[in-house]
Amino acid sequence: MATPRSRVRDDESSSQRRTRPVATVAVPFPAVVARPIIAHVRPQIDCGRRPAKASLGDLLNVEADAFVEGHDLVCCELRFRHDDDVKWTSMPMRELGNDRWRAMMPIDRLGRYRFIVRASVDRFGTWRRDLRARINAGQDVAEEFLVGAQLIQDASRHAKANERRRLAEIAEMLRSSDAVASPRETTGDDASDAQHVVFSEWLGDAMSSLSGSSHHVSSETYFVWADPTKARFSTWYELFPRSAAPSPRRHGTFADVEARLDYVESMGFDVLYLPPIHPIGRSGRKGRDGAVTSGPDDPGSPWAIGSRDGGHTSIHPELGSLEDFRSLVRAAGARGIDVALDLAFQASPDHPWVSEHPGWFHQLPGGSIRYAENPPKRYEDIYPLNFEGLEWRALWHELLEVVRFWIAQGVTVFRVDNPHTKPFEFWEWLLASVRAERPEIIFLAEAFTRPRVMEHLAKIGFTQSYTYFSWRSSKWEIETYVRELTQTDMADYFRPNFWPNTPDILTSELQHGVRATFMARLVLAATLSASYGIYGPTFELQETAPRAEGSEEYLHSEKYEIRTWDVKDPSNLSGFISMVNAIRREHAALQFNDRLVLHPVDNDHLVAFSKTRAGVDHDDIVVVIVNVDYVYPQSGWVALDLQQLGIDPSLPYVMHDLLTDAHYVWNGSRNFVRLDPDGLPCHIFALEQPVEQWKKKP
């Protein structure tokens, strides 16, 4: 193929081409010359399309880059308001270095906040900085006082009356002959009155507050959703109500669960999660251990929702009545425990919806309804819902009414089953609809699926999220995953809830585990994450038997049969669990995830990390060290980042083991530890300094 020729006329000479006029494009001038640049605002989710997460009582860390060309100083402020407010609140941002700025935004109400970052050139601060340098260099600054007087005069127009008069007086003083006549004075004791005023703290503060009144630049508007404190810090306990009866093989009731509340409270849990409590279908009912056929006494899976006794707003008859459920919710609430319900949007073939609304399900060409499937696996006891069928609006509305119904019964926490198998658009609509009415409602997403899917569910409104923690067992896996959750943008929207086990997850680590395995996994879950949960009593009684080799399901799973648990068994870990949860309640550092620091240890079986929180009298510093080899003792040198912890490295400090009440005096950053699984596989230390105060204790 021939090379294309230049697109000019063949008969046009080179001189003609050089003198040919060049077309121009008119670019409009900017409305004003606004010089600052604002970039990399955080937190922001999907370029500001969705809100970041916060909770009541938080001081939300807002950061941004703000800079200008040249050497002028910049003023930066945060402006924010709740959706219920009319006026904006402003607060100055502090420069962190390298053009990065920060402000801590207080969160004191549920619902949505919006914020912007605003920057302007600090003309007065720049002038005052340069004036000091000129005076110290002995330069003639007479005219500089006149420049400063004009800056002050201009700023005074935006001040209140009393402040305006004082600024005008200062400007006039700087223009006076005395001020101009003493330009070479130092800023020491012999400094002129004018210099004292120019470099005074009052004038600096006054001018700083007025510096953004004109020619400022604002960022886009970003949003933050404020949840209840329990959204950030919660401790979950899961049990099957039908297995709560004290006598063998009797079907448990809500009254039995209510009788179990003191036990749950004694261990320090504040969320009691119940699997589905609705009528269970007969058609396709699963037998024990998930067998395809069931016997007449097999209770079936609670997730096969719906029978002739009702559907998603009905109670399984053997559990009790709706009033019995309300009684349980009230009794739990009196103990500071929220009852969390399972929200499983699927149906048994016997569900009333199947006959009343067949269009809400997936119809096969032969006229039958498709079962729930994960080919080749099939769930003959469950029909999935069709969220995009011809009747999708009616279905969506009905599911919203299900949530509203249980909220009316006193439920404010929901664990959502498999949300990743329903359209994102549905969840975004439902969660927004609920929160518009009840912003305190909490939704936990049970989505063990691909990372991007889990992240998106968190972005569109789920309050908390299950994680991959269950399968992170080695030191490298744990540390890598924790860094991702706490030190990337995920921290702005993804609230992890760590579970060592669930009814569906008995990991290989627990299957081959010993007592130390369960203790270590509990401590890791409870201290790495501000929210965690256990599926009990399989966890506190350390059940390890899988259904089959290579399976992560429990043998004799409660999903398919009623179990009886002897919580008074001497091997029960309830005492240890109570101790760990008490430590969580007493130490604010463990109630947040944002100040988690991993510390090096020269042993790949020892994991060390710290969490800190500023306090009124002293900072709360918790250091956790865990041996992830559950058979052999492991030792090594832990290197604490004392500067990060705010500890003076020249002084000794006390490591108070909160599990044993032992005290150890450490010196410097590197100290030796040894953990034996036959005793305790972990330390939970409170770091205390100075040592003298500890030595004076009786």
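The values are calculated or read from the model by the stated rules, or taken from the named source; none is laboratory data. Note that the coordinates shown come from a computational prediction; the quantities given were computed from them, not determined experimentally. Every residue, glycine as well, gets a Cβ built from its backbone with ideal geometry; the counts of neighbours run over all protein chains shown. Protein only, heavy atoms only, side chains kept; ligands, DNA and RNA dropped before computing areas. Shrake-Rupley method; radii C 1.70, N 1.55, O 1.52, S 1.80 Å.
For the range 41-92, what are the residues that are touching a strand residue (DSSP E or B) at 6+ places or on another chain (Cβ under 8 Å), assigned to a loop (DSSP other than H, G, I, E, B) and more than 28 Å from Pro228 (Cβ to Cβ)? Lay out the reasoning, then the answer.
Let us first name the residues in the range 41-92 that are touching a strand residue (DSSP E or B) at 6+ places or on another chain (Cβ under 8 Å), namely 41-45, 48, 50-56, 58-68, 72-84, 87-92.
Imposing the further condition that a residue be assigned to a loop (DSSP other than H, G, I, E, B) reduces the set to 43-44, 48, 51, 56, 58, 68, 72-73, 83-84, 87-88.
Of everything in the range 41-92, those that are touching a strand residue (DSSP E or B) at 6+ places or on another chain (Cβ under 8 Å), assigned to a loop (DSSP other than H, G, I, E, B) and more than 28 Å from Pro228 (Cβ to Cβ) turn out to be Val68, Asp72, Leu73.
Counting just the residues of the range 63-78 that are open to solvent by less than 50 Å² (accessible area, probe 1.4 Å) and free of Cβ contacts under 8 Å to residues at least 60 places away in the same chain, which one comes out nearest to Val33 (Cα to Cα)? Before the answer, list the steps.
Keep residues of the range 63-78 that are open to solvent by less than 50 Å² (accessible area, probe 1.4 Å), which gives 63-66, 68, 74-78.
Going one step further and asking which of them are free of Cβ contacts under 8 Å to residues at least 60 places away in the same chain, we end up with 63, 65-66, 68, 74, 76, 78.
Details: Glu63: 24, Asp65: 19, Ala66: 16, Val68: 12, Val74: 15, Cys76: 17, Leu78: 21 Å.
Among those residues, the one meeting the criterion is Val68.
Quick check on the range 390-405: of everything there that is in contact with a His (Cβ under 9 Å, 6 or more places away or on another chain) and open to solvent by less than 10 Å² (accessible area, probe 1.4 Å), which residue is nearest to Trp429 (Cα to Cα)?
Checked the range 390-405; the qualifying residue nearest to Trp429 (Cα to Cα) is Leu399.
Residue by residue, here is whether (1) over 33 Å from the mean Cα position of the chain (by Cα); (2) at pLDDT 95 or above holds:
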| residue | (1), (2) |
| --- | --- |
| Arg249 | yes, no |
| Glu258 | no, yes |
| Leu274 | no, yes |
| Pro302 | no, yes |
| Gly310 | yes, yes |
| Gly336 | no, yes |
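Thr544 passes all but one of (1) open to solvent by 10 Å² or more (accessible area, probe 1.4 Å); (2) within 31 Å of the chain's Cα centre (by Cα); (3) of a type in the set (Val, Ile, Thr); which number fails?
The failed condition is (2).
Out of all the residues in the range 131-176, which are β-branched (Val, Ile, Thr), within 19 Å of Asp72 (Cα to Cα) and in a helix (DSSP H, G or I)? It would help to see each step written out before you state the result.
Step one: filter the range 131-176 for residues β-branched (Val, Ile, Thr), giving 135, 141, 147, 152, 170.
In the following step, the residues that additionally are within 19 Å of Asp72 (Cα to Cα) were identified as 135, 141, 147, 152.
Correct list: Ile135, Val147, Ile152.
Sort out which residues of the range 372-399 are within 17 Å of Asp417 (Cα to Cα) and not acidic (Asp, Glu), and write them in order of number.
Across the range 372-399, the qualifying residues are Ala372, Asn374, Tyr379, Ile382, Tyr383, Pro384, Leu385, Asn386, Phe387, Trp396, Leu399.
Can you name every residue in the range 643-686 that is at pLDDT 95 or above, among the polar types (S, T, N, Q) and farther than 16 Å from Phe609 by Cα?
Of everything in the range 643-686, those that are at pLDDT 95 or above, among the polar types (S, T, N, Q) and farther than 16 Å from Phe609 by Cα turn out to be Thr660, Asn667.
Could you please find all residues in the range 415-430 being over 21 Å from Ile505 (Cα atoms) and either crowded, with 21+ Cβ neighbours inside 10 Å or among the aromatic types (Phe, Trp, Tyr) (or both)?
Of all residues in the range 415-430, those over 21 Å from Ile505 (Cα atoms) come to 422-430.
Once the filter is applied, which keeps residues that are over 21 Å from Ile505 (Cα atoms) and either crowded, with 21+ Cβ neighbours inside 10 Å or among the aromatic types (Phe, Trp, Tyr) (or both), the range 415-430 yields Phe424, Phe426, Trp427, Trp429, Leu430.
Take Met207 and decide whether it is more than 24 Å from Phe345 (Cα to Cα), crowded, with 17+ Cβ neighbours inside 10 Å and modelled with pLDDT of 95 or more. Walk me through how you get there before you give the answer.
Details: more than 24 Å from Phe345 (Cα to Cα): yes; crowded, with 17+ Cβ neighbours inside 10 Å: yes; modelled with pLDDT of 95 or more: no.
Against the criterion (more than 24 Å from Phe345 (Cα to Cα), crowded, with 17+ Cβ neighbours inside 10 Å and modelled with pLDDT of 95 or more), Met207 does not qualify.
Residues checked against (1) more than 14 Å from Leu687 (Cα to Cα); (2) open to solvent by less than 70 Å² (accessible area, probe 1.4 Å):
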| residue | (1), (2) |
| --- | --- |
| Pro600 | yes, no |
| Ala608 | no, yes |
| Val622 | no, yes |
| Leu645 | no, yes |
| Val654 | no, yes |
| Asn667 | no, no |
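In the range 470-485, how many are in contact with a helix residue (DSSP H, G or I) (Cβ under 9 Å, 6 or more places away or on another chain), small (Gly, Ala, Ser) and either closer than 13 Å to Pro451 by Cβ or not in a helix (DSSP H, G or I) (or both)? Quick ask: steps written out before the conclusion?
Within the range 470-485, the subset in contact with a helix residue (DSSP H, G or I) (Cβ under 9 Å, 6 or more places away or on another chain) is 470-473, 477-478, 481-482, 484-485.
Next, only the ones that are small (Gly, Ala, Ser) stay: 470, 473.
Among the residues that remain, those that are also either closer than 13 Å to Pro451 by Cβ or not in a helix (DSSP H, G or I) (or both) are: 473.
Of the residues in that region, 1 qualify.
On the basis of being buried (at least 21 other Cβ atoms within 10 Å of the Cβ) and either under 25 Å from the mean Cα position of the chain (by Cα) or over 17 Å from Ala445 (Cβ atoms) (or both), does Ala491 make the cut?
On the way: buried (at least 21 other Cβ atoms within 10 Å of the Cβ): no; either under 25 Å from the mean Cα position of the chain (by Cα) or over 17 Å from Ala445 (Cβ atoms) (or both): yes.
No, not satisfied.
Condition first: touching a Gly at 6+ places or on another chain (Cβ under 6 Å) and either of a type in the set (S, T, N, Q) or more than 22 Å from Ser531 (Cα to Cα) (or both). Can you find one or more residues in the range 606-620 that meet it?
Yes, some residue in the range 606-620 is touching a Gly at 6+ places or on another chain (Cβ under 6 Å) and either of a type in the set (S, T, N, Q) or more than 22 Å from Ser531 (Cα to Cα) (or both).
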